[in-house]
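Computed from the coordinates by the stated procedures, all read-outs in this text should not be read as laboratory data. Keep in mind it's a predicted model, so treat the numbers as computed, not measured. Cβ sites come from the backbone with ideal geometry, for glycine too, and all protein chains shown count toward neighbours.
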Amino acid sequence: MTQIAALVAVVAALAFGVIWIAIRIEHEQYRAVRRAELLLAGDLLAPTLELRTPFAERVLQPLVNRVLRWLGNLSPKTNLERLRRDLLIAGSPLGLSPLDFLGLCLLTALAGTALVAGLLLRSGAALPRLIPIAAAGALLSYQLPRFFLHRRMAQRRKAMTLALPDALDMLTVCVDAGLGLESAFLRIAQGWDHALAREFHRVVMEIGVGASWREAMQNLVYRTDVPDLSSLVAVLLQADQLGFSISDTLHAQAEQLRVRRRQRAQELARAAPLKMLFPMVFFIMPATLAVILGPALPAIVETLALR
């Protein structure tokens with residue numbers, strides 16, 4: 001019995017030792033992975049860096065993102081790819097993902113419905129009238145973030161369209177000076193601070209992490225959706241494939257873009273008188289007539305009354 005008890009004790013000790021070693025190995029692996037993550041995040045150099053961040057950024061923003069993502073999961077996902085591209089074209093406002101944006105739309109719809117229903121209930125409106133008005137308020141509130149998104153897309157497209165001729169002139173000068181196209185992109189990104197320069201910098205970063213030049217340029221077109229930039233990228237890709245001179249291609253494209261910019265400015269100048277017509281008719285002319293005819297109006301009325 002003593003030998004059996006000793007054997008059981010030895011086996012139990014070995015089993016305990018094996019389990020303890022396995023736990024230690026797993027714990028060390030977890031510590032190594034965590035240390036690598038902290039090292040990449042830079043937290044080992046400043047352990048209190050996370051605590052120094054604002055409360056809203058550290059606590060409220062992740063909570064809001066979690067709620068928006070949960071609400072976004074309730075929405076149909078058929079248009080997620082299109083919405084993802086719209087967010088890229090708009091410059092990823094507030095770092096929102098498609099699910100975050102859909103959650104924001106649902107959240108604004110709920111808030112709009114509650115606001116409209118509360119105002120109608122406070123005014124004493126009947127229930128048959130309350131339901132359609134609340135539904136209309138929910139629909140308008142749901143479309144409100146999309147309106148701002150499309151406006152942001154249009155503003156960013158316009159900004160890149162206006163910046164492209166100058167950027168292309170800078171590319172031409174850099175290439176003529178002996179720089180490669182990637183170095184010219186990086187030079188523009190370092191010297192300027194606008195949407196197009198940031199997109200050029202992203203192209204260089206994508207090439208740096210292993211993407212081919214063609215893929216990076218196609219991604220640029222996908223993210224921007226600017227017709228002039230798409231034409232430029234198509235011409236550059238074709239020139240690279242056929243072996244044409246990049247410098248000559250850039251010179252030709254720069255000349256065309258300067259002509260397009262001049263034509264666009266002339267078109268806006270011709271449209272200005274038509275746009276000024278409505279404010280003049282509805283605002284300026286009534287005020288002018290009031291100033292001119294106002295003092296004489298009592299005498300005219302008195303004259304007409306005497307007759």
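So if I place +1 on the C-beta of Lys and Arg and -1 on the C-beta of Asp and Glu, and nothing else carries charge, what would the dipole magnitude of the stretch 160-200 be about its Cα centre? I want it in debye, nearest 20.
80
Name the residue from Leu164, Val209, Gln263 whose Cα lies farthest towards the positive end of the charge dipole of the stretch 157-265, charges +1 on Cβ of Lys and Arg and -1 on Cβ of Asp and Glu.
Gln263
Compute the Kirkwood hydrodynamic radius of the stretch 157-265, taking the inverse of the mean of 1/r over all pairs of distinct Cα atoms, and give it in Å to one decimal. Working shown, then result.
Details: mean 1/r = 0.0720 Å⁻¹.
Result for the stretch 157-265 stands at 13.9 Å.
Go through the stretch 250-261 residue by residue and turn each phi into a ³J(HN,Hα) via Karplus (6.51, -1.76, 1.60, θ = phi - 60°); whole Hz please, and just put x for glycine and proline.
Going residue by residue, I get 5, 4, 5, 5, 5, 5, 5, 5, 5, 5, 5, 5 Hz, with x marking Gly and Pro.
Under the Karplus relation 6.51 cos²θ - 1.76 cosθ + 1.60, θ = phi - 60°, what is the ordered set of whole-Hz ³J(HN,Hα) values for the stretch 162-175, x standing for Gly and Pro?
6, 7, 5, x, 5, 5, 5, 4, 5, 4, 4, 5, 5, 5
Please report, in whole Å³, the volume per residue of the convex hull around the C-alpha atoms of the stretch 72-183. Please report the intermediate quantities before stating the final value.
Working: hull volume 14.1 nm³, N = 112.
Expressed per residue, the convex hull around the Cα atoms of the stretch 72-183 is 126 Å³.
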